[in-house]
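The values are calculated or read from the model by the stated rules, or taken from the named source; none is laboratory data. In this text the structure is predicted, and so the values were computed from the model without any measurement. Heads up, the Cβs are rebuilt from the backbone with ideal geometry, glycines too, and the neighbour counts pull from every protein chain shown. Side chains included, ligands, DNA and RNA excluded: accessible areas come from the protein's heavy atoms. Shrake-Rupley method; radii C 1.70, N 1.55, O 1.52, S 1.80 Å.
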Amino acid sequence: ATMVQKYQSPVRVYKHPFELIMAAYERRFPTCPLIPMFVASDTVNEYKSEDEAIHVIERRCKLDIDAPRLLKKIAGVDYVYFVQKNSLNRRERTLHIEAYNETFSNRVIINEHCSYTVHPDNEDWTCFEQSASLDIKSFFGFESTVEKIAMKQYTSNIKKGKEIIEYYLKQLEEEGITFVPRWTPPVACKSESSTSHPRRPVSPAINIPESATKEGVSNKEILNTSSSPSEPTAGTPDDKLDADYIKRYLGDLTPMQESCLIRLRQWLQETHKGKIPKDEHILRFLRARDFNIDKAREILCQSLTWRKQHQVDYILDTWNPPQVLQDYYAGGWHHHDKDGRPLYVLRLGQMDTKGLVRALGEEALLRYVLSINEEGLRRCEENTKVFGRPISSWTCLVDLEGLNMRHLWRPGVKALLRIIEVVEANYPETLGRLLILRAPRVFPVLWTLVSPFIDDNTRKKFLIYAGNDYQGPGGLLDYIDKEIIPDFLGGECMCEVPEGGLVPKSLYRTAEELENEDIKLWTETIYQSASVFKGAPHEVLIQIVDASSVITWDFDVCKGDIVFNIFHSKRAPQPPKKDSLGAHSITSPGGNNVQLIDKIWQLGRDYSMVESPLICKEGESVQGSHVTRWPGFYILQWKFHSMPACATTNLPRVDDVLASLQVSSHKCKVMYYTEVIGSEDFRGSMTSLESSHSGFSQLSAATTSSSQSHSSSMISR
């Protein structure tokens, strides 16, 4: 098995001209006191162009790798040799460095590329970047040891790189060298210089950057001044992260962590259609998966699909919480803690969760919690600016005074679990600390119900105080300044958080009203809802004129399990008869249900199936597309999926809790959206043709199984 490790650095900016940096760089050869393992280097090959603009030098470098004696013995070598080829172009002001290993090259392949170039917005500054790959094919059974050693050596060298240049710059300065003139074309032969030829490369090199900055929007300016560093440049390839920006806005990352962030961000820019999340948010997903880039990418992509589908990006601007929430939801933002993290106060004990669920339904409650989280992200960004250091999470203070059995009402707990799950999946690493105060006797019961759904990393951040312990040593004062301790906890700060209280029963609404309301919530925009019954699928007709169009769909299975099909027919189906609807219209006030495929049509004769059927479970979100091969009529069909009775073996653990709350019925609900795009507008790579599933209403255990998307069945070949 071979292991490939990749590394990509941020951009490091030296505020010195290229020529001076080159003078410093050249001093590290043949040996350098700051790199003891760099024992020697010999020039193997050298080429200089006549005008001295180009200088290529190839060196063989001898390294004394810091590896266990035993390993060196087994490998039979004391030193490792690398070949390094430096190509300096004084006219363009660039240095490209390529390096690869000569020792063990049949077992281990190491490639490195570095470049020094002129800063795009300031020709007196120099940018440095490096990337590398390590591929260990075999190493006497010590592959993982070698990988660890190589990674350790490599990361320590990355850190050294900057010190070395600065060390030699200082040395040059002490010798009185602070300026090295730029290369100019030789003016030896008269006939040449009379033509304007050799001069040409010089002037654009000076003019271009200036005119570019006049236009105003250069990346560096964006990075330094814009309020949201990663937004304005919509994925331009030169939109790179620089090392100083990372330190200031994202924190101290190890070289490999920086590399993961840069690579994941680059991947998003290349493949993701839609809004790219901010750097600090991408970083949260990496942290949540210990910087395993593949795992982080998976959860981030699911979250992006979910955000798009539920229009989460627009929550803060477009959604106004119902009055009931404003009056009875006992939570709100309250200054910040001692670390500068935004502080959210929740008086859970004073809150009538049952009343809120009955008056609002689960969706509105969830939506409200999402808007709180979105506001949290915004506040972190704000505090990062105000406090001059990265702040990426908030602190939550939960007061349980008043908690009682009413809070253990099953549907309330179920709603809470679902909310926790959605927040865990889409706002990872946002909870910096959770202070639970005045925990009563029933608390352990609630805690045992909830804690299995909470990620281990998150659980470590919980501090629980019973009774008035929070006032003692190690209590609240360790985390929150005295001036802002809220009045209801005995502090002197007026806290604006609503006091909660019982929601009047007159505000309760029926399940049916809430269901219609829920549908409205998620469909203020473009989705339509449909009901599917046993024996009565819902069908949508799409007529295609241009043979190579793309039909795209995006639907949520709100209730029940369904089978999704797509058919093609050369002739138009009969328009649906009104009375066929009549039968069901009583049972489904809000649902539309249309059948188009005539009972007498035969599959294979009158119409054909163009994609394999896809089974979609309750709570899944499905997106996909089909490239049409022929003109004619396409029918999208959602059909009731009847489960064999014995298929209960793979139920997730949560369903034990929920089984008691579920009412089976022969009605399914789907929210869908379809669109036809001309193939030339559908510039997506294959990835956009895959259908992606993301479990939304299901609890964690179910979500993971549904996210292994059934993409292949949805790819149009």
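For this structure, a couple of remarks:
- All of Lys534, Lys505 fail the test of being modelled with pLDDT under 90 and under 18 Å from Leu360 (Cβ atoms), apart from Lys505.
- Per this entry, Tyr368 is not counted among residues that are touching a His at 6+ places or on another chain (Cβ under 8 Å) and open to solvent by less than 60 Å² (accessible area, probe 1.4 Å).
- Once segment 310-345 is narrowed to residues that are aliphatic (A, V, I, L, M) and in contact (Cβ under 8 Å) with a residue 60 or more places away in the chain, the residue that is most open to solvent (accessible area, probe 1.4 Å) is Leu316.
- When Lys62, Lys73 are checked against the criterion of being open to solvent by 30 Å² or more (accessible area, probe 1.4 Å), part of a strand (DSSP E or B), farther than 24 Å from Ser259 by Cα and modelled with pLDDT under 95, a single residue qualifies: Lys62.
- Just one of the listed residues (Glu129, Glu166) is among the acidic types (Asp, Glu), outside any loop (DSSP other than H, G, I, E, B), over 30 Å from the mean Cα position of the chain (by Cα) and in the same structural domain as Pro10 (by the TED database), and it is Glu166.
- Screening segment 263-298 for residues that are of a type in the set (Val, Ile, Thr) and surrounded by fewer than 20 Cβ atoms within 10 Å (Cβ to Cβ) and picking the one that is modelled with the lowest pLDDT gives Thr271.
- Scanning segment 310-331 for residues that are touching a helix residue (DSSP H, G or I) at 6+ places or on another chain (Cβ under 8 Å) and in a helix (DSSP H, G or I) yields Val312, Asp313, Ile315, Leu316, Val324, Leu325, Tyr328.
- Pairs are defined by a Cβ separation below 6 Å, a sequence spacing of at least 6 or placement on different chains, a first member in segment 420-443 that is on the phi > 0 side of the Ramachandran plot, and a second member that is part of a loop (DSSP other than H, G, I, E, B); the pairs so defined are Arg438/Leu400; Arg438/Glu401.
- Gly402, sole failed condition from (1) modelled with pLDDT under 90; (2) under 12 Å from Ile315 (Cβ atoms): (2)
Yes/no matrix, rows are residues, columns are (1) open to solvent by 50 Å² or more (accessible area, probe 1.4 Å); (2) at pLDDT below 80:
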position	(1), (2)
Ser133	no, no
Lys159	yes, no
Glu174	yes, no
Ser194	yes, yes
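- Residues of segment 597-623 satisfying the condition of being of a type in the set (A, V, I, L, M, F, W, C), in a loop (DSSP other than H, G, I, E, B) and open to solvent by less than 70 Å² (accessible area, probe 1.4 Å): Ile597, Trp601, Val610
- Any hit, segment 386-395, residues being of a type in the set (S, T, N, Q) and out of contact with any Asp or Glu (no Cβ under 8 Å at 6 or more places or on another chain): no
- Unique residue being open to solvent by less than 50 Å² (accessible area, probe 1.4 Å), outside any loop (DSSP other than H, G, I, E, B) and in the same structural domain as Phe38 (by the TED database) when the list is Tyr116, Tyr100, Tyr81: Tyr116
- The set of residues in segment 113-167 being out of contact with any strand residue (DSSP E or B) (no Cβ under 6 Å at 6 or more places or on another chain), closer than 17 Å to Asp244 by Cα and of a type in the set (Asp, Glu) consists of Asp121, Glu163, Glu166.
- Subset of segment 148-170 (residues that are out of contact with any Lys or Arg (no Cβ under 7 Å at 6 or more places or on another chain) and more than 23 Å from Ser131 (Cβ to Cβ)): Tyr167, Leu169, Lys170
- Of the residues making up segment 1-53, those that are charged (D, E, K, R), more than 25 Å from Leu134 (Cβ to Cβ) and assigned to a loop (DSSP other than H, G, I, E, B) are Lys15, Arg27, Glu50, Asp51, Glu52.
- Residue in segment 624-644 that is farthest from the chain's Cα centre (by Cα), counting only those that are surrounded by fewer than 22 Cβ atoms within 10 Å (Cβ to Cβ) and more than 19 Å from Gln543 (Cβ to Cβ): Pro644
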